[in-house]
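The values are calculated or read from the model by the stated rules, or taken from the named source; none is laboratory data. This is a predicted model, so every value here is computed, not measured. Quick reminder, even Gly has a Cβ in these numbers, built from the backbone with ideal geometry, and neighbours come from all protein chains shown. Calculation scope for accessible area: heavy atoms of the full protein, side chains included, ligands and nucleic acids excluded. Shrake-Rupley method; radii C 1.70, N 1.55, O 1.52, S 1.80 Å.
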Amino acid sequence: MITVSKIANAGAALGYYSEKDDYYREGGGAPAAFAGRGAAELGLSGPMSNQRQAKVFADVLANGGGKAGRHTPGWDMTFSAPKSVSVATLVGGDDRLIVAHERAVARALEHVEKHAIVTRQRGADGEGYEWRHGAGLVAATFRHTTSREQDPQLHTHAVIANTTRDPATGGWRALDSRELFRAQAEVGAIYTTELAAEARRLGYAVEMRIDAKGHPQMELGDVPQAIREKFSARAQQVEARLADRGLTRASATAAQKQEATLQTRADKELVDHAELRKQWREQARASGYE
């Protein structure tokens, strides 16, 4: 699934980069990377490998690539892997699924760049507005591996800066964010179907279904439902909050689910991820999952 939310503080990029989530650094993997043709134009490409690069991106969020005073720095488009994928890779140790997740995110962001990076400007006569597709996406991705309840949860924050180059004038312009929200369902579908295809190529049995709103959902049949539920404390909290309002995940809107998620969100804690992973494996074995 994916969510889209406004970023209120340009320093969020530094916050994401600085989080003490050491597990995703194992094997030399970069915790963050830049994405989009617009980012490359600003000299931001490849892994975000140090604090200086994170600060440069935070400055882009703050001033929009050269135009200071913009009200909204950007948006956080978060891609969350199905629970069975998180368990198979973070508990079961199949790091190929992390690569599969990253590829699915990349393909979804390609769609965002092609269809949802749009600017709105006054018409040539000063009357009305005209919309133009921007020349490129300016974004950074941050991969995390735990939920706020310290369950295994593979997810990537794609922080999209509120700027793109106007192909007509060459200047940097703010985005019309409505296009990001309109594209949310189709971007989520692309992520899900691409991840399912990658998992099948790796030999996993993939369970696909269409939810009540017509959106594709997937899980790995190799991970039992009981194990998925065991490591889903955050999902249970959100579902309980929705139930208090007479809603379910199937009946709630995306905005209602996002509101319930924010209302039940605990403060993040710093943990030893090597120890946490050991605990996950012990819990899984005790429940009969190896």
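Looking for whichever is part of a loop (DSSP other than H, G, I, E, B) and either in contact with a helix residue (DSSP H, G or I) (Cβ under 7 Å, 6 or more places away or on another chain) or at pLDDT 85 or above (or both) here; the options are R265, R249, R228. Which one fits?
Testing whether each residue is part of a loop (DSSP other than H, G, I, E, B) and either in contact with a helix residue (DSSP H, G or I) (Cβ under 7 Å, 6 or more places away or on another chain) or at pLDDT 85 or above (or both) leaves just R249.
Considering each residue of the range 1-22, count those that are under 21 Å from T145 (Cβ atoms), modelled with pLDDT of 80 or more and not hydrophobic (A, V, I, L, M, F, W, C), and give that number.
Number of matching residues: 2.
Taking the range 23-42 as the search range and keeping residues that are assigned to a loop (DSSP other than H, G, I, E, B) and either of a type in the set (A, V, I, L, M, F, W, C) or open to solvent by 60 Å² or more (accessible area, probe 1.4 Å) (or both), which one is modelled with the highest pLDDT?
L42
Residue by residue, here is whether (1) open to solvent by less than 10 Å² (accessible area, probe 1.4 Å); (2) in contact with a Phe, Trp or Tyr (Cβ under 6 Å, 6 or more places away or on another chain); (3) at pLDDT 90 or above holds:
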residue	(1), (2), (3)
R52	no, no, no
K55	no, no, no
D59	no, no, no
A62	no, no, no
G65	no, yes, no
A81	yes, no, yes
S84	yes, no, yes
T89	yes, no, yes
L97	yes, no, yes
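Show me the strands (runs of 3 or more DSSP E) entirely contained within the range 127-183 in which 3 or more residues are open to solvent by less than 10 Å² (accessible area, probe 1.4 Å) and in contact (Cβ under 8 Å) with a residue 40 or more places away in the chain.
Counting at least 3 such residues, we get 139-146, 152-161.
When the residues of the range 184-205 are narrowed to those that are open to solvent by 30 Å² or more (accessible area, probe 1.4 Å) and among the β-branched types (V, I, T), which ends up nearest to T89 (Cα to Cα)?
T193
Take the residues of the range 152-194 that are of a type in the set (D, E) and farther than 18 Å from A108 by Cα: which is modelled with the lowest pLDDT?
Within the range 152-194, the match that is modelled with the lowest pLDDT is D166.
Those residues that are closer than 12 Å to G38 by Cβ and modelled with pLDDT under 95, I need them from the range 107-132; list them, please.
Listed by number, the residues that qualify are I117, T119.
Can you tell me which condition A212 does not meet? The list is (1) at pLDDT below 90; (2) open to solvent by less than 60 Å² (accessible area, probe 1.4 Å); (3) not in a helix (DSSP H, G or I), and all the others hold.
(2)
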